[in-house]
Amino acid sequence: MFKNYFKVALRNLGKNKIFSLVNIAGLALGVTGSMLIGIYLFNELSYDRFHKNSSRLVRATTEYTMDGAKTEVGKTGSMAGPRLTTALPQIASFVRILNFEPYAVQYEEKNFVENKFLFADSTFFTMFSFPLAEGDPVTALDAPGKMVITKSMERKYFGDQQALGKTLRVGGTSNYIVSGVALDAPENSQIKFDFVASFASLPNANRPTWGIEVYATYFLLRPNVDIHSLEKNIRDYMIRQADLDLSGNDYLIYHLEPITRVHLYSSLSGLEPNSNIRYIYILATIAMLILVIACVNYTNLAAAQAAGRTPEIGIRKVLGSGRRQLFWQFIGESLLLNLFALIIAFFLVFMLMPQFNTLVERSLSARVLVHPIGIGLILLLYVIISFIAGIYPALILSGLKLISILKAGFSFSTNASPLRKSLIVFQFFTSIFLIISTVVIFQQLSFIRNKDLGYDKAQVVVLPVDGLMRPNFRSIKESIMRVPNVVSVSCGAEETTNIHWDDQITLSSDPLSTPLFTYASPADPDIVHTLGLHIIAGSDFTQADWRLMNDSNVADPQTAFMLNETLAKALGWKPAEAIGKTIYRSFHKGIVKAVVKDFNFAPLHEPIAPLAIFLDSQYVHIYQAFVKISGKNVPSTLASLDKTWKERVPHRPFQYHFLDDNFNKIYHTEEQTAKIFTVFSTLAILLACLGLFALAAYTTVQRAKEIGIRKVLGAGELQLVMLISNDFLKLVALSMLLAFPVAWYFLKSWLDNFAYRINISWLVFLVSGVAAAAIAFVSIFVQAYKAAITNPIQSLRTE
């Protein structure tokens, strides 16, 4: 019996080649898309769960106020780890991690700048599950001058030689002994490293502070510790600390985040940019929609073919087949067809994995699919999809009465019509929603890329400045200025795309005076010219300001300030009134030289905050050089910069990036999600079009005789095409009415995350609706036109 069913199923697939190919292709594409999204979601949801003690590991974040202004950051000062671990018995251990800047690493003639360079406490390899291939995890980082490198770095620097015990030179000044070799960090780890140097090697290691929140601090809690109770204990402890140097009602406390929730649930970035659980929900929804649409397509195509199978059903019933046998025959056909689709989907997933990794910028592997758990889930999914796709036609076909087949042939009853209409409304509701969402997301991202930030980020080359360079930076700067096509050179602690340095401004040197919270940025006199800032009151920094600040003969040295409009307003001054006023930054005296037009120095998710730009004595706080080039013959200019760099900075390779590249990185998560969203939305829309094709095919089969009669009575081909299309286009119009308000609501919620955003134009809805109607009409036209040109004799000859 099963052999007979198998033969009949294969025969039907061969007999209806077009429908079979559409069915298999639709299911295969749907399963492929869902599998790829599933691999990505599995990686995102498994972040940091590989640690043996993942349920007990937490990240500390800082919340503090200055003059009542609250700030939250994903890092802490260096004192938080040791003090809280000593004071609170619920904490078993801690580790502090610093990844402040790229470091030049040298071994013999090999010299590279390494971005994944961390400093960490000696507990790093005992708290976290990063296995060491060589070395002792307990002692690998227990003293200054020790370093652990990864296997990939061992190959990079030492080739086939053993790295353990070798010496690497870091930053041109310090030697580190390789005390361990670790396996490369997993893809699903927020802590990614190539080098981990001992925390004790840092110059400030023995001078801990509550402030300067640049350290990622993690705690290992003792078993069965309640995080909320521990946070309350931390709050109570911090209130009692007299060395916090806070005034008024200001406070500093710490919050704890389970390490397994940081990547998706935390709004505070740490060692790497976080993702967002909302995007996971969106992608999971798209994956489910893709599968549902693929199943709907199968159901509709099976229904469209069913009218031609009534003789087979009648004969089987005459020969004694019961309803159960017929039911399992059609479910078996669904299982067979889905098996073909599943095999093709597996092949496509492995073939498309490199392209998918490029899209999501991960190093994911399809091997997760052949894991026992993965295989079990896929088999379960296969059975569920097969039953969902096949159960509707199976129930209808197996339930046909023999007398109705022999008397009048087969036709689905009109009671099924609401279901079919609901399916097409669902499919095009989804398609229109996805089209609108894609358009609005890309409009917002385009708005971000092209918004006037208040400074000129184009053609600005960013170069690193390290401890060896700072004492000689002025002469290095002069050498860079002599490079052809270099317009100006300046410097700062951070790039203007994302300034984090927080500080306080007072109007008096009195320690009891009320401070005003502000962000701050050190610079040299050429910052305005280099970055194209706009002075709206006062005058630019001058070399005289610089010399006065650094003149040891001046009894009362002072620096010069530029305030942005927001800070001037917060101090109660109009721009012109601020000029010449004396202010104090952390009680360092200075004169306001100018007020600059507000510019966006933080992501566009945030409004513009107060900012003070100040001249930095002796380049103490400078970590970045900004080189403005003309844009003429950029490759030649960069080559000349490379040559000058090698002459003046021989201890580190020439490594640069453009300021606008770093700006784009800030919105990388949105850009990447938009790309993923677009690819799989397109797939969902394609599958919806296949579903509409199926419904058009079903309609033409059901209305063949009506079309034939109308054609005999003189109906033209265009009239017949519109006759078939009108019903579908009405449903598409209904889909629009449902999709428009839903899309507007969800997109407005997404846009509310940006302080600077577009307004959703009604044109987006109009264009998306027209596009959906056009897609629907094209999908219908093939079947409608085919029915319209069919000779009416073929459809009427049995009457």
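First measure r as the distance between the Cβ atoms of residue 53 and residue 661, then evaluate 1/(1 + (r/R0)^6) with R0 = 56 Å and state the FRET efficiency to the nearest 0.05. FRET efficiency, residue 53 to residue 661: 0.90. Note on residue 474 and residue 177: the model spin-label points, each 7 Å out from Cα along the C-beta direction, lie 4.1 nm apart. Taking θ as phi - 60° and the Karplus parameters 6.51, -1.76 and 1.60, the scalar couplings of segment 745-754 work out to 5, 5, 6, 5, 4, 5, 5, 5, 6, 10 Hz in sequence order, x denoting glycine and proline. All Cα-Cα separations within segment 477-541 were binned at 10 Å from zero, giving a P(r) of 17, 35, 32, 12, 4, 0, each value a whole percent of the pairs. When the trypsin sites (Lys or Arg not before Pro) in segment 186-279 are filtered for DSSP coil states and for at most 14 other beta-carbon atoms within 10 Å of their beta-carbon, the remaining sites are 240. Here the extension length gained between residue 762 and residue 278 equals 171.7 nm, from 0.36 nm per residue of separation less the Cα-Cα distance. Taking amide hydrogens as placed 1.01 Å from N in the peptide plane, the amide H of residue 599 sits under 5 Å from that of no residue at least 5 positions away in sequence or on another chain. Given a Förster radius of 60 Å and the C-beta distance between residue 108 and residue 510 as r, what FRET efficiency does 1/(1 + (r/R0)^6) yield to the nearest 0.05? Calculated value: 0.60. Residue by residue, segment 658-675 carries 3J(HN,Hα) couplings of 8, 4, 6, 5, 5, 4, 5, 5, 4, 9, 5, 4, 5, 4, 5, 4, 4, 5 Hz when phi is fed to the Karplus relation 6.51 cos²θ - 1.76 cosθ + 1.60 (θ = phi - 60°); x denotes Gly or Pro. Taking a point 7 Å from the Cα of residue 139 along the Cα-to-Cβ direction, the residues of segment 175-198 with backbone N closer than 16 Å to it are 177-181. Net charge dipole, segment 134-274: roughly 260 debye, given to the nearest 20, about the Cα centre with Cβ charges of +1 for Lys and Arg and -1 for Asp and Glu. Both the radius of gyration and Dmax for segment 206-297 are 20.3, 69 Å, in that order, over alpha-carbon atoms. Coupling constants for segment 32-48 follow from the phi torsions by the Karplus curve (6.51 cos²θ - 1.76 cosθ + 1.60, θ = phi - 60°), and in residue order they are 4, x, 5, 5, 4, 4, x, 4, 5, 5, 4, 5, 5, 6, 9, 3, 6 Hz; glycine and proline get x. Kirkwood radius, segment 173-223, all distinct C-alpha pairs, inverse of mean reciprocal distance: 14.3 Å.
Full extension of the chain segment joining residue 543 with residue 442 gains 31.9 nm, where the gain is 0.36 nm per residue of separation less the Cα-Cα distance. Here residue 442 sits with roughly 80 square angstrom of accessible surface, probe radius 1.4 Å. In segment 92-177, the inverse of the mean reciprocal separation of distinct Cα atoms equals 13.7 Å; this is its Kirkwood hydrodynamic radius. How much accessible area does residue 212 have with a 1.4 Å probe, in Å² rounded to the nearest 10? Spelled out: residue 212, probe radius 1.4 Å, area about 110 Å².
Semi-axes of the equivalent ellipsoid of segment 437-497 are 34, 14, 9 Å, computed as sqrt(5λ) over the eigenvalues of the C-alpha gyration tensor in descending order. In a DSSP loop and with at most 11 other Cβ atoms within 10 Å, the trypsin sites (Lys or Arg not before Pro) in segment 28-113 are 52. Stretched out straight at 0.36 nm per residue, the stretch from residue 384 to residue 669 would grow longer than its current Cα-Cα span by 99.3 nm.
Mean shadow of segment 336-385, computed from the convex hull of its alpha carbons, in nm²? Let's see the in-between values first.
On the way: hull surface 14.9 nm².
That works out to 3.7 nm².
The values are calculated or read from the model by the stated rules, or taken from the named source; none is laboratory data. In this text, all values refer to a predicted model and were calculated from it rather than measured experimentally. Neighbour counts are summed over all protein chains in view; Cβ atoms, including those assigned to glycine, are modelled from backbone coordinates with ideal geometry. All accessible areas refer to the heavy atoms of the entire protein, side chains included, with ligands and DNA or RNA removed. Shrake-Rupley method; radii C 1.70, N 1.55, O 1.52, S 1.80 Å.
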